[in-house]
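Values in this text are rule-based calculations from the coordinates and carry no lab data. Predicted model only: the values in this text are computed from it and were never measured. Note: ideal-geometry Cβ built from the backbone for every residue, glycine included; neighbour counts use all protein chains shown.
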Amino acid sequence: MASHTCPRCNYSTSKLSSFKTHLSKRDVCEVKNQDVPIDQLRVEYNITPDKTTHQCKNCEKSYSCNSALHYHSMKCKPDPNAKILALQNIIIQKDKIINDLREKLAKYEEWVNQVPM
Ligand SMILES: [Zn+2]
Ligand SMILES: [Zn+2]
């Protein structure tokens, strides 16, 4: 039976899928035998590194683990209210600017009234 042995840590398994899992772990195994770069092994076994496998469909951010992506996607879901919220924010900002200008105008009027003509 063909077995797959990790040249780094001597981990050995007959199951290719287990071996791939071993190589694709985020915590790369410790070198006990040969210091073969994990990237090289990943290329040999056609493994895409974890970080590119968990990608957000909405904003294309990628995460090194699935749970991080899951957590992100809960916040990243296209929100039907997002546009409304964005518009509300614009209105709030405009209100602030208007209030600012009103205050400035009031001060200016005060100042104008104080100046003897
Ligand atoms: Zn290993
Ligand atoms: Zn996203």
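By residue number, which cysteines of the chain lack any other Cys whose Cβ falls under 4.7 Å from their Cβ?
Lacking a cysteine Cβ partner under 4.7 Å: Cys6, Cys56, Cys59, Cys65, Cys76.
Just how many pairs of Lys in the chain have C-alpha atoms closer than 16 Å, counting pairs that are eight or more places apart or on different chains?
11
Specify the longest stretch of the chain that does not include any exposed loop site, a site being one of the chymotrypsin sites (Phe, Trp or Tyr not before Pro) with a non-H, G, I, E, B DSSP assignment and at most 16 other Cβ atoms within 10 Å.
46-117
Amide H of His54: which non-local residues (sequence gap of 5 or more, or other chain) have their own amide H closer than 5 Å, using H built in the peptide plane?
Correct list: Tyr63.
Please report, in whole Å³, the volume per residue of the convex hull around the C-alpha atoms of the chain.
Working: hull volume 21.7 nm³, N = 117.
Per residue, the Cα convex hull of the chain comes to 185 Å³.
Treat every Asp and Glu Cβ in segment 8-79 as -1 and every Lys and Arg Cβ as +1, leave all other atoms uncharged, and give the resulting dipole magnitude about the Cα centre to the nearest 20 debye. List each step's numbers first, then the result.
Numbers: 12 positive and 8 negative charges, 45 e Å.
With only Lys, Arg, Asp and Glu charged at Cβ, the dipole is about 220 debye.
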